[in-house]
Amino acid sequence: MSKYLAGRLLQTVPTVFLVTVAVFLMLHLTPGDPAEVFLGDKRSSPELLEKVREDMGLNRPLHVQYLSYMGNALRGDLGRSLQTNVPVMEQILNRLPWTIELAAAALMIAAFIGISVGIIAALNHNTIADTLAMALALVGISMPVYWSSLLLILLFAVQLRVLPAIGQGGIERLILPATALALVSAGSLARMVRSSMLEVLNQDFVLTARAKGISERLVVIRHVLRNALIPVVTILGLMLGNMLSGAVITETIFARLGIGQKYVEAVLQKDFTMVQGTTLFIALMYVFVNIVVDIVYAFIDPRIRYV
Amino acid sequence: MSEARVPPANLDYQEARRWSRFLKRFLRSRNVMAGAVVLGAVIIMVLLAAQISPYEPTQQFRRHRLQAPNAEFLLGTDNLGRDILTRILYGGRVSLQVGIVSVAIGATLGTLLGLIAGYIGGWTDVLIMRFIDMMLAFPGILLALVIIAVLGRNLQNVMIAVGLSSIPVYTRVVRGSTLSVKQFDFIVAAGALGASSGRIMARHILPNVLAPIIVVATNGVAGAIISGAALSFLGLGQQPPDPEWGLMLNEGRDYIRAAAWVTTYPGLAIMITVLSINLLGDGLRDILDPRLKL
């Protein structure tokens, strides 16, 4: 186990390194001098430009700049926003809880809908229920999150007037954005659970269990589900990534002041330090989640021992 | 034994048989046919936008703002009095173009990297795959957003961004298939006969890994349309006043209470198109799945 763990962590090192380099280079890859980008529309005299270059340390060699950027980042300093001059890290941490709340709620809804629909479809293989469930799943997959968000607003906020359309705080403001965010993932999850279940249902040990005469209920719960849901754990981890990036859109539509909404704002305003810092934060968070998922996966499935 | 008497010149014949078998399964699958017919209709309507749309896409009828669907404006008008049907038809050109161009970019580069990683192996493989891992650390639309942030916001950059961010899927699929194909005797034989690596990859491996590429690319077009429209929805792609489905959805957002049709129809257009492509892609996967046949 510890060997597997060490291997998995070691494998992440180059990824994290490349991610930080790529994010660091972002500012330098944008057309034009970073100092000009920094000053933005403000009229920049050569003296001012030179001063900004000096302040930003842009006159130093690239690798020195990278090391100082990373040194600061490790201490939690991602620079200041070009627009508001507030530290980037502070803004991220202020907004993070709202995004985590949204992503967690969406993940739970997606898991609930996806797993139940998948199980129902698999247990009724090749019946109307199966066809219907898979048709629903296909519609779910084909619904862009901005479209399902607007539909949910139209139905529950405009027509039925039972839930608020925008804002944050309280469960009633969480239901619509979380559901919208969950639908796509629920669709693909349902398909995966179904095919995973069908695969397990065909295995010999299921036949044995049935032959022993235990009730079909027990066969499904004890033997089929336990095995079929193992790969689903990995998928759920990957879905958290989709949730994080989907939050960019849902937060914009539902006017939730989370990281995603800030991100779009920063891209639109060319607030490069903000974009840079947030990108680094989200990417590293995602890499971390993936490690956790892999470790959990190895724990619940003792057959996994690859390095 | 009867096979042995078939002259080798009959390769064309075998090829034709494979095609006819493919076509038969294609025509027999209800889902695939439904997807193909709907998608075909969408493509024809969008291509004929200039001929069949009643008005001009940016033409404003100031006296007819936010009109509900009626005989004059079949799908209603938006806040500037522009005909929604016309804008959907013209906007579809952009969405389909984004879908196809991005997939072309992503599939070409991704396949190339996958072939090289899989066939050459060694350090090249390690380097390419670490690079792909790095790209995968930016989930979903995030990578496209980063690329737009660097390149600037316009439609051309949307296609580049969506295309580049789809590279990892192709690289992984192609690399995996290449690894299994390169074990075959005919590849080893080609190498022994002195064929260069480039030639082996292009002439011998590529044709054998095409099936999964086609499947991934088909579903990829649907994904690219969704992502492209998402970027325009966020104000990072197509700029007003030109129409695009995602942009139209965003423009109608403010009027959702009073004039729901402004958002409903462009959304429906995206969904129908994506649904038909997904039906087609799922069907192609069932038919072409290399584990089943090939």
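Just so it is clear, none of the values below were taken in a lab; they were calculated from the coordinates. Fair warning: this is a prediction, and the values are worked out from it, not measured in the lab. Neighbour counts are summed over all protein chains in view; Cβ atoms, including those assigned to glycine, are modelled from backbone coordinates with ideal geometry.
Along chain B, the exposed loop sites are trypsin sites (Lys or Arg not before Pro) outside DSSP states H, G, I, E and B with at most 16 other Cβ atoms within 10 Å, and the longest stretch free of them is B:66-256.
Separation of the range A:118-197 from the range A:208-226 is 30 Å, based on Cα centroids.
Positive-end ranking of A:Val88, A:Val267, B:Ile213 along the dipole of the protein assembly as shown, with charges on Cβ about the Cα centre, is headed by B:Ile213. Ignoring the sites themselves, chain A has its longest run without trypsin sites (Lys or Arg not before Pro) in a DSSP loop having at most 16 other Cβ atoms within 10 Å at A:213-302.
Share of pairwise Cα-Cα distances greater than 25 Å in the range B:1-147 is 64 percent (whole percent). Cβ crowding within 10 Å ranks B:Thr178, A:Thr30, B:Thr108, A:Thr278 as B:Thr108, A:Thr30, B:Thr178, A:Thr278, fewest other Cβ atoms first.
Averaged over the residues of B:125-138, the number of partner chain Cβ atoms lying within 10 Å of the residue Cβ comes to 5.
Backbone geometry of the range B:187-204 corresponds, through the Karplus equation with coefficients 6.51, -1.76 and 1.60 at θ = phi - 60°, to 3J(HN,Hα) couplings of 6, 4, 4, 4, x, 5, 7, x, 5, 6, 4, x, 5, 4, 5, 6, 8, 10 Hz, x marking Gly and Pro.
For A:Lys212, the aspartates and glutamates whose Cα falls under 20 Å of its own Cα, not counting residues fewer than eight places away in the same chain, are A:Asp204.
What the phi angles of the range A:86-99 give under the Karplus curve with 6.51, -1.76 and 1.60, with θ = phi - 60°, is a coupling list of 7, x, 4, 4, 4, 5, 4, 5, 4, 9, 3, x, 5, 6 Hz, glycine and proline written as x.
In the elastic network of chain A, a GNM with C-alpha springs shorter than 10 Å, the most mobile of A:Ile113, A:Ile221, A:Ile153 is A:Ile221. Charged side chains reduced to their Cβ positions (Lys and Arg at +1, Asp and Glu at -1) give the range B:174-294 a dipole of some 520 debye around its Cα centre. Note on the protein assembly as shown: dipole from Cβ charges, positive end direction compared against A:Ser196, B:Leu127, A:Ser2; the farthest Cα belongs to A:Ser196. Over the residues of chain B, the helix contribution to mean residue ellipticity at 222 nm works out to -23000 deg cm²/dmol, using -39500 (n - 2.57) for each DSSP H run of at least 4. In straight-distance terms, cross-link reach from A:Lys51 covers every one of the aspartates and glutamates whose alpha-carbon lies under 17 Å from its own, apart from those fewer than eight places away in the same chain; here that gives A:Asp33, A:Glu36, A:Asp41.
Residue exposure proxy: A:Phe299, A:Phe254, ordered by other Cβ atoms within 10 angstrom of their Cβ from fewest to most, comes out as A:Phe299, A:Phe254.
Could you tell me which of rounded, prolate or oblate describes chain A, using a ≥ b ≥ c as the square roots of the eigenvalues of the alpha-carbon gyration tensor, with rounded for a/c under 1.5 and, failing that, prolate when a/b is larger than b/c and oblate otherwise? Oblate. Remark: mean inter-chain Cβ contacts per residue of A:240-249 equal 5, using a 10 Å Cβ-Cβ cutoff to other protein chain atoms.
Take each residue in A:288-294, count the other chain C-beta atoms within 10 Å of its C-beta, and the mean is 1.
Amide H of B:Gly237: which non-local residues (sequence gap of 5 or more, or other chain) have their own amide H closer than 5 Å, using H built in the peptide plane? Under 5 Å from the amide H of B:Gly237: B:Ser232. Among A:Ile300, A:Ile282, A:Ile175, a tally of other beta-carbon atoms within 10 Å of each Cβ gives an order, fewest to most, of A:Ile300, A:Ile175, A:Ile282. Computed over chain A with a Gaussian network model linking Cα atoms closer than 10 Å, the most mobile of A:Phe272, A:Phe205, A:Phe281 is A:Phe205. Could you tell me how many degrees, from 0 to 90 and to the nearest 10, lie between the Cα long axis of helix A:46-56 and the main elongation axis, the longest principal axis, of the Cα atoms of chain A? Tilt relative to chain A: about 50 degrees.
Here the 3J(HN,Hα) profile of the range A:106-112, calculated from phi with Karplus coefficients 6.51, -1.76 and 1.60 at θ = phi - 60°, is 5, 4, 5, 4, 4, 5, 4 Hz, Gly and Pro shown as x.
Note on chain B: with a GNM built from Cα contacts shorter than 10 Å, the maximum mean-square fluctuation among B:Ile88, B:Ile128, B:Ile270 falls on B:Ile128. Residues whose amide H lies under 5 Å from that of A:Arg80, counting only those 5 or more places away or on a different chain, are A:Val88; hydrogens are built 1.01 Å from N in the peptide plane.
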